[in-house]
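Take a look at the structure below.
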Amino acid sequence: MLIWVTALHCEAKPVIDFYCLKKSRDNNAFDYYRGDGMTCIVSGTGKIASAAACAWIASRNQQAASIAWINLGIAGAAEHDIGALFSLDQVIDGDDGHRYYPAPSTASELDCNACITLSQASEEYREDYLFDMEASGFMYSSLCFSSAELIKSFKIVSDNRSFKIGKNRQQVSDLVQQHIALIDQQAQSLRVLNEEVAQLAIRYDRSRHG
């Protein structure tokens, strides 16, 4: 099982369309969309919401032998160009300083960067860091259910010191859409690894129970 976690519907839409995911019609705590071995959940804004969404969707997939995770969303930056895509190699909680380390990108053309997760939106950017409001909550919760090599976070710059589009939902969707093929390459590599981990887990479980 691969679970995508986004804060906003506009971030999720390119993923939903690309994989032809269908919205669950159940009365749920969160909106989520399902496909073949894949789910996309929309958490709402903030690290607490992201952590809660991860825990909630993991509880609905307890039967999965292994779960892989992708956090996809927008971020602010100081000087990086609008639309630049990064794979996070470090997530820092802006409140307590705790550091998390998602799995690095498997594509040489995809740059890595560190991200600071804030409790409130801010334009006080620091050089060489991205800023978001969900990644540390996502990491905290997803690590309760999966190992770090099965967890990735991708951020697309929507705001910098010169220009801001983060509140324009259509433009946010467009930013994600323009990178969807490269993001899919990352997702497919992660799915292969997750399947290998799942098979090992199944074999181990069978050996324990004879």
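Each reported figure results from applying straightforward, stated rules to the coordinates on display, with no laboratory input. Here the structure is a predicted model, which is why all the values come from computation and not from measurement. So basically every Cβ, Gly included, is an ideal-geometry build from the backbone, and we count neighbours across all protein chains shown.
For the chain, what does the helix formula give at 222 nm: sum of -39500 (n - 2.57) over DSSP H segments with n ≥ 4, over the residue count, nearest 500 deg cm²/dmol?
-11000 deg cm²/dmol
Evaluate the distance, in nm, between pseudo-label points positioned 7 Å from the Cα of Asp89 and of Asp26 along their respective Cα→Cβ axes.
3.9
Residue-wise, which Karplus ³J(HN,Hα) couplings in Hz belong to region 34-40, taking 6.51 cos²θ - 1.76 cosθ + 1.60, θ = phi - 60°, and x for glycine or proline?
Result, rounded to whole Hz: 10, x, 6, x, 8, 9, 10.
List nothing, just return the count: lysine pairs in region 2-209, 8 or more apart or interchain, with Cα separation under 21 Å.
Step by step, the pairs that qualify in region 2-209 add up to 12.
Using a 10 Å cut-off on Cβ atoms, rank the peptides 157-167, 131-141, 116-126 from the highest mean neighbour count down.
On the way: 157-167: 16.3, 131-141: 26.6, 116-126: 14.5.
The most tightly packed comes first, giving 131-141, 157-167, 116-126.
Normalised by the residues of region 2-209, what does the relative contact order come to in percent, with Cα pairs under 8 Å and at least six apart?
Numbers: 422 pairs, mean separation 52.7, N = 208.
Relative contact order here is 25 percent.
Provide the descending list of Cα extents for region 65-210 along its principal axes, expressed in whole angstroms.
62, 35, 26
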